[in-house]
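These notes concern the structure reproduced below.
The values are calculated or read from the model by the stated rules, or taken from the named source; none is laboratory data. Since we're looking at a predicted model, the values are computed, not measured. FYI the Cβ positions are ideal-geometry reconstructions off the backbone, even for glycines, and counts take in every protein chain you see.
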């Protein structure tokens, strides 16, 4: 391993290290690397034991037994015992007991769990092993329990009720620990533990976040300030691709699993009116389809919530000449933050949003934020009428992601004015026919489009941009964010 730091640029600085918040981008990149899950798929795309050394499942597929790896410790020397692992799972399950997460759905008793101290018959220790006893066979258990929220944290970081003691409290169980924290940088140091990792994985990683106006993660690499970053293809225009090639940087792309959309607040104000939401949808989609500045980016307009090629994809026709439904003169609170590293794309989207609002007689009061943190806080409080944002979804098996989106406060908080989607998710999970499951996904997609609280306008994929010193050939492109133990790093190697 080299002492030279791998400089990784990420969109936002971390503001907490609580695994409970690790589904949120500002947290997940650090949490993914400092807290080890039972099992991870990130290296080579194969389930590999992390905290768990091995596992067994019975013939019914409902009872899973995990043997905890011996000799593991947190960075302060505290042993990682089976009891500690159980404490962590009980904590997350308790704090999410009212959420419809995949793991919770497999343990129906969680919904009526009244006391944090009360035992659970569906997750317990037996002969030193962690045992899950599920009500039904999981569709993909490893995909669920490898999520960053199930990373194992030192119990000293949370109190007897599971509350994280301090936002920046941390004690690593994973392959890296936090060495240094500043306002715009977190430095990770590799730990000598028994987890699978590449021999040339970086010993030190600096995670930087842009803080100056006009700066972004792609610009940092073009200027030689970084070695690796990740950006949506949505934020990479043809011109930027040319700049990346001229700078001698390289690109690795994940499958297209991202959606970008306008979120209209159906819970208050003018957008409580479904017909108005639908009228805005049609007019906005027409505007952005005809916008030359947006077209120059090379990014197609597609209004399907589920990306093309995914289970449940539907192609919705954009009306040729939508007539705006005149409203107003309501003032609407519009929240913008950078969703693209390309200023042209950002300007085009914001311009089409404002024009569509004004065409409906609405008066936009625009607030621009330097990052998503405060904008998302306002969104979570319901203090907005419109925000432009995005999320991702599994292409082949979207149902676990649907649970996070529609049945949990932890996920993307996709609105469901119809109230029908949770029952459809549960129906799909119980359905054995792949064809019928796909039809249910299509119905969910159609509901999202028809209700129009989410107006999808583009799909994209993550693009890993890196210097020739970085080798990403061993990472699993279906999982993010990056686990640095799976990154090859040879800073002394000359570029080809």
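Of the residues that sit in region 99-121 and are touching a residue at least 40 places away in the same chain (Cβ under 8 Å) and in a loop (DSSP other than H, G, I, E, B), which one is farthest from residue 147 (Cα to Cα)? Before you say what the answer is, go through the steps one by one.
Within region 99-121, the subset touching a residue at least 40 places away in the same chain (Cβ under 8 Å) is 99-103, 105, 116.
Filter once more, so that each one left must be in a loop (DSSP other than H, G, I, E, B): 99-101, 116.
Working: 99: 15, 100: 15, 101: 11, 116: 22 Å.
Going through the qualifying residues, I end up with 116.
Would you call residue 204 surrounded by fewer than 21 Cβ atoms within 10 Å (Cβ to Cβ), closer than 22 Å to residue 369 by Cβ and more than 20 Å from the chain's Cα centre (by Cα)? Please lay out each step first, then the result.
Working: surrounded by fewer than 21 Cβ atoms within 10 Å (Cβ to Cβ): yes; closer than 22 Å to residue 369 by Cβ: no; more than 20 Å from the chain's Cα centre (by Cα): yes.
No; evaluated as a whole, the condition is false for this residue.
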request  = Scan region 220-237 for residues that are out of contact with any helix residue (DSSP H, G or I) (no Cβ under 9 Å at 6 or more places or on another chain) and within 18 Å of residue 339 (Cβ to Cβ) and report the count.
outcome  = 3
ask   = Out of region 192-219, which residues are out of contact with any helix residue (DSSP H, G or I) (no Cβ under 9 Å at 6 or more places or on another chain) and either farther than 19 Å from residue 15 by Cβ or free of Cβ contacts under 8 Å to residues at least 12 places away in the same chain (or both)?
value = 192, 193, 194, 199, 200, 203, 204, 212, 213, 215, 219
ask   = Checking residue 137 against (1) assigned by TED's automatic domain parsing to the domain that holds residue 76; (2) in contact with a strand residue (DSSP E or B) (Cβ under 6 Å, 6 or more places away or on another chain), which test does it fail?
value = (2)
query = residue 59: over 20 Å from the mean Cα position of the chain (by Cα) and either at pLDDT 90 or above or within 22 Å of residue 486 (Cβ to Cβ) (or both), yes or no?
reply = yes
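Determine whether region 128-135 contains at least one residue that is under 20 Å from residue 404 (Cα atoms), crowded, with 18+ Cβ neighbours inside 10 Å and either in contact (Cβ under 8 Å) with a residue 24 or more places away in the chain or within 20 Å of the chain's Cα centre (by Cα) (or both).
Taking every residue of region 128-135 in turn, at least one turns out to be under 20 Å from residue 404 (Cα atoms), crowded, with 18+ Cβ neighbours inside 10 Å and either in contact (Cβ under 8 Å) with a residue 24 or more places away in the chain or within 20 Å of the chain's Cα centre (by Cα) (or both).
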query = Here are 384, 402: which of them is in a loop (DSSP other than H, G, I, E, B), buried (at least 20 other Cβ atoms within 10 Å of the Cβ) and touching a helix residue (DSSP H, G or I) at 6+ places or on another chain (Cβ under 8 Å)?
reply = 384
ask   = Only one of these conditions is not met by residue 153: (1) at pLDDT below 95; (2) closer than 21 Å to residue 48 by Cβ; (3) part of a loop (DSSP other than H, G, I, E, B); (4) touching a helix residue (DSSP H, G or I) at 6+ places or on another chain (Cβ under 6 Å). Which number is it?
value = (1)
ask   = Given the structure, is residue 357 part of a loop (DSSP other than H, G, I, E, B), in contact with a helix residue (DSSP H, G or I) (Cβ under 8 Å, 6 or more places away or on another chain) and touching a residue at least 40 places away in the same chain (Cβ under 8 Å)?
value = no
note = Of the residues in region 136-156 that are surrounded by fewer than 20 Cβ atoms within 10 Å (Cβ to Cβ) and within 26 Å of residue 76 (Cα to Cα), the one that is farthest from the chain's Cα centre (by Cα) is 156
key: Selected residue (only one of 268, 286, 250, 325 is outside the structural domain of residue 434 (by TED's automatic domain parsing), touching a residue at least 12 places away in the same chain (Cβ under 8 Å) and surrounded by fewer than 21 Cβ atoms within 10 Å (Cβ to Cβ))   = 250
task = Can you confirm whether region 290-300 contains a residue that is buried (at least 20 other Cβ atoms within 10 Å of the Cβ), in contact (Cβ under 8 Å) with a residue 12 or more places away in the chain and more than 21 Å from residue 236 (Cα to Cα)?
result = no
